[in-house]
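Bear in mind these aren't lab numbers, they're just calculated from the coordinates by the rules spelled out. None of these values were measured; they are calculated from a predicted model. Cβ placement follows ideal geometry from the backbone for every residue including glycine, while neighbour counts extend to all protein chains displayed.
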């Protein structure tokens, strides 16, 4: 059983009789670091399942790239993640957002450039740097 099959069966509840039909829509591809899955202005007509690595989803905004999320298994948790992110941006302080991400995904801080994490948390890289420095001193 592949990772995709396991995911579809366990998280999406796909019945066995539909599995092969659904699997036929997926074709193995490889993206190298720095490659784009979809570029601005293009229409996405593909489904994806990520076996390894990280994917950063971002949108251009006022001459900047605003990171929307960083995921290992894109699509499965994106809606709940986005809901949590919107709630956190509305209700948490910058320090609380940092601590929440640190608690939930500590490995991201080793794998993803801090400027992308700052963007995802709705703060500047400089603010993130100050928050991290205070956190280390505490």
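Of all the residues that make up region 4-18, how many are assigned to a helix (DSSP H, G or I) and farther than 22 Å from residue 52 by Cβ? So that I can check it myself, show each step before the final result.
Just the residues of region 4-18 that are assigned to a helix (DSSP H, G or I), to begin with: 4-12, 16-18.
Still in the running and farther than 22 Å from residue 52 by Cβ: 16-18.
Total satisfying the criteria: 3.
Among the residues of region 119-137, the ones that are without any contact (Cβ under 8 Å) to a residue 12 or more places away in the chain and either part of a helix (DSSP H, G or I) or within 15 Å of the chain's Cα centre (by Cα) (or both) come to 6 in all.
Taking the condition of being part of a loop (DSSP other than H, G, I, E, B) and either surrounded by fewer than 14 Cβ atoms within 10 Å (Cβ to Cβ) or over 21 Å from the mean Cα position of the chain (by Cα) (or both), how many residues in region 38-67 meet it? Summing the residues that are part of a loop (DSSP other than H, G, I, E, B) and either surrounded by fewer than 14 Cβ atoms within 10 Å (Cβ to Cβ) or over 21 Å from the mean Cα position of the chain (by Cα) (or both) in region 38-67 gives 15.
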